[in-house]
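Dropping a structure here in structure tokens format, bear with me for questions.
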Ligand code: HSE
């Protein structure tokens, strides 16, 4: 029997759609695997009732297939599904680590990124690796088109605020524009490069600046009740940048050390003003 933990993650960070991700220090999923003739899945924890246990429909079933590693797989969810906090990626990454160890497959953490991304395809219809990369490697990650990933350690205070509304990844991908103007492209590249430099320096000002995104975030913000008010409240409370976390509905803020508590309170209040309950995770890049 092998047990592995993988953390929640936040993808995109505004300017890095399908490219950037960060691991959060908490919450996390825990996956326990035992060898079996056929894969069988049990799920407990946050939102377990919404997660299919059929191996054909669960991310970890796809991971077990990709590793040719049939197992009895128990998933204890710490990351709520459809939260924008990489719930399926946390399960896929933890399962990939545990099954790789159980069957002694010999993959490195980097080698497991495309394997775990196969699981993402089950949920969103596309195998994108921007959540599984930080879930496996930690820190700030940049994925390439071949699903290879580069990771950087960073020390940054973050607040992820999860409202009690559901936005499916499929719906959130449906509103992403199919093309961008050269002006928006130039702005996005500049912001993404600024954010990357900020991560390398653990600089909340640069990271916050680099989170601005003229293309994807404005379209997705429309799907999140209260987003504009929450963003404004977080910035007024000291956040240096605010964006949609992954496909939403969570909202991610970066701030200076010492500002997390006030930013978290402002975000919860911002959602409450829109009639939406929420929970704020005060976290750091994990
Ligand atoms: N990059 C993905 C998206 C993450 O924003 O759709 C969600 O799984």
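Expressed in nm to one decimal, what extension gain is obtained for the pair residue 150 and residue 54 from 0.36 nm per residue of sequence separation less their Cα-Cα distance?
Between residue 150 and residue 54, full extension yields 31.3 nm more.
Per 10 Å bin from zero, what fraction in whole % of the C-alpha pairs of region 29-97 is there, up to the bin with the longest pair?
All Cα pairs considered, the percentages come to 24, 60, 16, 0.
With everything on Cα atoms, drop me the angle between helix 260-273 and the longest principal axis of the chain, reported from 0 to 90° to the nearest 10.
In the chain, helix 260-273 runs at an angle near 80 degrees to the longest axis.
Only Cα pairs under 8 Å and at least 6 apart count here; give the relative contact order of region 20-130 as a rounded whole percent.
The normalised contact order for region 20-130 reaches 31 percent.
If one computes the Cα centroid of region 39-74 and of region 235-276, what distance in Å separates the two points?
Cα centroid of region 39-74 versus Cα centroid of region 235-276: 33 Å apart.
Could you compute how fast region 79-166 diffuses translationally, taking Rh as the Kirkwood radius over C-alpha pairs and applying Stokes-Einstein at 10 °C with viscosity 1.306 mPa s? Give it in µm² per second.
Calculated translational D: 117 µm²/s.
Please rank 77, 57, fewest neighbouring Cβ atoms within 10 Å first, as an exposure proxy.
57, 77
Using all alpha carbons of region 151-221, what is the percent of pairwise distances in each 10 Å bin, ordered from the shortest bin to the longest?
All Cα pairs considered, the percentages come to 18, 37, 37, 8.
While we're here: Pulled fully out, how much extra length does the chain show between residue 127 and residue 189, if you take 0.36 nm times their separation in residues and subtract their Cα-Cα distance?
Fully extending the segment from residue 127 to residue 189 adds 20.0 nm.
Next up: May I have the pair-distance distribution P(r) for region 185-274, computed from all Cα-Cα distances with 5 Å bins from 0 and rounded to whole percent?
3, 16, 24, 24, 20, 10, 3, 0
Mind jotting down the three principal axis lengths of the chain based on Cα atoms? Whole angstrom, largest first.
For the chain, the Cα extents along the three principal axes come out at 55, 37, 37 Å.
Based on the Cβ-Cβ distance from residue 261 to residue 42, what FRET efficiency comes out when R0 is 25 Å, to the nearest 0.05?
The computed FRET efficiency comes out at 0.10.
Here's something else I'd like to know. Which of the peptides 272-284, 83-95, 153-165 is most tightly packed, and how do the rest follow, going by the mean number of other Cβ atoms within 10 Å of each residue?
In decreasing order of mean packing, 272-284, 83-95, 153-165 become 83-95, 153-165, 272-284.
Beyond 18 Å, how much of the Cα-Cα pair distribution for region 200-252 remains, as a whole percent?
Here the long-distance tail beyond 18 Å is 29 percent of all Cα pairs in region 200-252.
Another question, if that's okay. Sorted by packing (mean other beta-carbon atoms within 10 Å per residue), highest first, where do 192-203, 8-19 land?
Highest mean packing first, the order is 8-19, 192-203.
Let me have the 222 nm mean residue ellipticity of the chain computed from DSSP H runs of 4+ only, each contributing -39500 (n - 2.57), with the sum over all residues rounded to the nearest 500.
Helices in the chain give a 222 nm mean residue ellipticity of -11500 deg cm²/dmol.
Rg/Rh for region 1-150 to two decimals, with Rh computed the Kirkwood way over all alpha-carbon pairs.
A ratio of 0.93.
If you don't mind, another one. Which value in nm describes the separation of the simple spin-label points at residue 18 and residue 201, placed 7 Å from the Cα toward the beta carbon?
In this crude spin-label approximation the distance works out to 3.1 nm.
Let me ask something additional. Under a GNM of the chain (C-alpha, springs under 10 Å), which listed residue has the highest mean-square fluctuation: 119, 270, 210?
Maximum among the listed residues: 270.
Every number here is computed from the coordinates shown, using simple stated rules; none is lab data. Every value quoted in this text rests on a predicted model; they were computed, and no experiment measured them. Glycine gets a Cβ as well: all are built from the backbone with ideal geometry, and neighbour counts include every protein chain shown.
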